[in-house]
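Chemist: I am attaching a structure below and will ask some questions about it afterwards.
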Amino acid sequence: MADKQLISIAVDGPVSAGKSSLCDALSQKLGILHLDTGAMYRAVGLFAIKNNISPDDEEALEAVVKNKLADISVDYQDGRQITKLNGEDVSALLRSEKVGAYASAVSRFPVVRRYLVSLQQQLARERSLLIDGRDIGTVVLPDAKVKIFLTASPEERALRRYKQLINAGSKADYNMVLSDLLARDEQDKNRKADPLRAAPDAVILDTSKLNFEESLQEMINIVKAVYDN
Ligand code: DC
């Protein structure tokens, strides 16, 4: 339905800045759906893993996209995103470190980005969405009225990620988590196609010294400042 009052909110930021959980909470508060675009890149990464395609093989990935071999789609059930790969719900398979590393690698390639960016833009034309990713304010929704760039120091993000892993019962080493995170940051910031950077008109929100509730409140304030006026 083409609705005159569609709301699009763009949230970008580096790995482990808390985007997913904060955007889930914010979208619930605002009563709109949350599109996690990282899950779409992860689904392409998962396709590469399942089909023994190196995440560095740009030609093979180009053939995958051009021949429509990896059909990525998004659905919602009870307000939660379901990410599908060739019609199969793969949401539960996307969170591993390996899939994350593949996603980061395949997301360097313009052909992969063009495919997913156009899907994301199509979704945003159909409904109000809070979209999180790396290039939402710069490429996917350059005209979004609200753009938030969520960040925190690498040490703080690594600590949060480390605690998540420990709480999930995984073995983790803080220094390894920090060095993986710095490597992922470098890859996301330095790729040629749509690198991670704040849009010039984004509000930068550094959550290093804020807890979850405080960060959420700041995000609500940023949205209200635009939509309540
Ligand atoms: O947010 P995430 O960790 O689930 O994202 C996985 C990878 O996908 C990340 O390393 C960079 C890439 N990505 C991207 O390039 N553009 C987006 N809009 C979202 C994610």
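Chemist: In region 95-129, what count of residues is obtained for those that are over 21 Å from Ser8 (Cβ atoms), in a helix (DSSP H, G or I) and touching a helix residue (DSSP H, G or I) at 6+ places or on another chain (Cβ under 6 Å)?
Modeler: The number of residues fulfilling the criteria is 7.
Chemist: Also, quick follow-up: Out of (1) modelled with pLDDT of 95 or more; (2) open to solvent by less than 50 Å² (accessible area, probe 1.4 Å), the odd one out for Ser104 is which?
Modeler: Just one mismatch for Ser104, condition (1).
Chemist: A further question on this structure: Is there any pair linking a residue in region 95-109 that is of a type in the set (Ser, Thr, Tyr) and more than 8 Å from the ligand (Cβ to nearest atom) to one that is modelled with pLDDT of 90 or more and open to solvent by less than 10 Å² (accessible area, probe 1.4 Å), with Cβ under 6 Å and at least six apart or on different chains, and which?
Modeler: That search, which allows pairs on different chains as well, returns Tyr102/Gly45; Tyr102/Ala48.
Chemist: For the condition more than 13 Å from the ligand (Cβ to nearest atom), open to solvent by 10 Å² or more (accessible area, probe 1.4 Å) and hydroxyl-bearing (Ser, Thr, Tyr), what is the one hit in Ser73, Ser91? Before you say what the answer is, go through the steps one by one.
Modeler: Values: Ser91 fails: more than 13 Å from the ligand (Cβ to nearest atom).
From the options Ser73, Ser91, the qualifying one is Ser73.
Chemist: Which residues, counting only those in region 14-27, are among the polar types (S, T, N, Q) and in contact with a strand residue (DSSP E or B) (Cβ under 8 Å, 6 or more places away or on another chain)?
Modeler: Ser20, Ser27
Chemist: For a quick check of your reading of the model, give me the residue pairs whose first member lies in region 79-93 and is without any contact (Cβ under 8 Å) to a residue 12 or more places away in the chain, whose second is open to solvent by less than 80 Å² (accessible area, probe 1.4 Å) and part of a helix (DSSP H, G or I), with beta-carbon atoms closer than 9 Å and at least 6 apart or on different chains.
Modeler: Every condition considered, the pairs that remain are Arg80/Asp24; Arg80/Ser91; Ile82/Ser91.
Chemist: Tell me, yes or no, whether region 182-203 has at least one residue that is modelled with pLDDT of 95 or more and β-branched (Val, Ile, Thr).
Modeler: Looking for residues that are modelled with pLDDT of 95 or more and β-branched (Val, Ile, Thr), one finds at least one in region 182-203, hence yes.
Chemist: So, one more: Out of the residues in region 28-40 that are within 16 Å of the ligand (Cβ to nearest atom) and assigned to a helix (DSSP H, G or I), which is surrounded by the fewest Cβ atoms within 10 Å (Cβ to Cβ)?
Modeler: Looking at the filtered set, the residue picked out is Gly38.
Chemist: Quick one: would you say Asp24 is under 11 Å from the mean Cα position of the chain (by Cα) and within 14 Å of the ligand (Cβ to nearest atom)? Explain how you work it out, then say what you get.
Modeler: Numbers: under 11 Å from the mean Cα position of the chain (by Cα): no; within 14 Å of the ligand (Cβ to nearest atom): yes.
For Asp24, the condition - under 11 Å from the mean Cα position of the chain (by Cα) and within 14 Å of the ligand (Cβ to nearest atom) - is not met.
Chemist: Give the residues of region 187-229 that are of a type in the set (Asp, Glu) and over 20 Å from the mean Cα position of the chain (by Cα), sorted by residue number. Reasoning before the result, please.
Modeler: To start, the set of residues in region 187-229 that are of a type in the set (Asp, Glu) comprises 188, 194, 201, 206, 213-214, 218, 228.
Glu213, Glu214, Asp228, listed by residue number.
Chemist: Further question on the same structure: Could you list, in sequence order, the residues of region 114-123 that are open to solvent by 10 Å² or more (accessible area, probe 1.4 Å) and within 13 Å of the ligand (Cβ to nearest atom)? Talk me through it step by step, then tell me what you get.
Modeler: Looking only at region 114-123, we keep the residues that are open to solvent by 10 Å² or more (accessible area, probe 1.4 Å), and these are 114-115, 117-119, 121-123.
Result: Arg114, Tyr115, Val117, Ser118, Leu119, Gln121, Leu123.
Chemist: Does region 3-26 hold any residues that are free of Cβ contacts under 8 Å to residues at least 60 places away in the same chain and either within 13 Å of Met219 (Cβ to Cβ) or of a type in the set (Gly, Ala, Ser) (or both), and which are they?
Modeler: If the condition is that a residue be free of Cβ contacts under 8 Å to residues at least 60 places away in the same chain and either within 13 Å of Met219 (Cβ to Cβ) or of a type in the set (Gly, Ala, Ser) (or both), then Asp24 is the only one that fits.
Chemist: In addition: Listed residues Ala17, Ala43, Ala25; which is of a type in the set (A, V, I, L, M), surrounded by 23 or more Cβ atoms within 10 Å (Cβ to Cβ) and in a helix (DSSP H, G or I)?
Modeler: Numbers: Ala17 fails: in a helix (DSSP H, G or I); Ala25 fails: surrounded by 23 or more Cβ atoms within 10 Å (Cβ to Cβ).
Only one candidate qualifies: Ala43.
Chemist: Please go through region 53-91 and give me each residue that is closer than 11 Å to Met40 by Cα and in a helix (DSSP H, G or I), ordered by number.
Modeler: Matches in region 53-91: Ser91 only.
The values are calculated or read from the model by the stated rules, or taken from the named source; none is laboratory data. Please read all numbers here as calculations on a predicted model, not as lab measurements. Because the Cβ atoms are built from the backbone with ideal geometry, glycine has one as well, and the counts that use them run over all protein chains shown. Side chains are part of the model used for accessible areas, which takes the heavy atoms of the whole protein and leaves out ligands, DNA and RNA. Shrake-Rupley method; radii C 1.70, N 1.55, O 1.52, S 1.80 Å.
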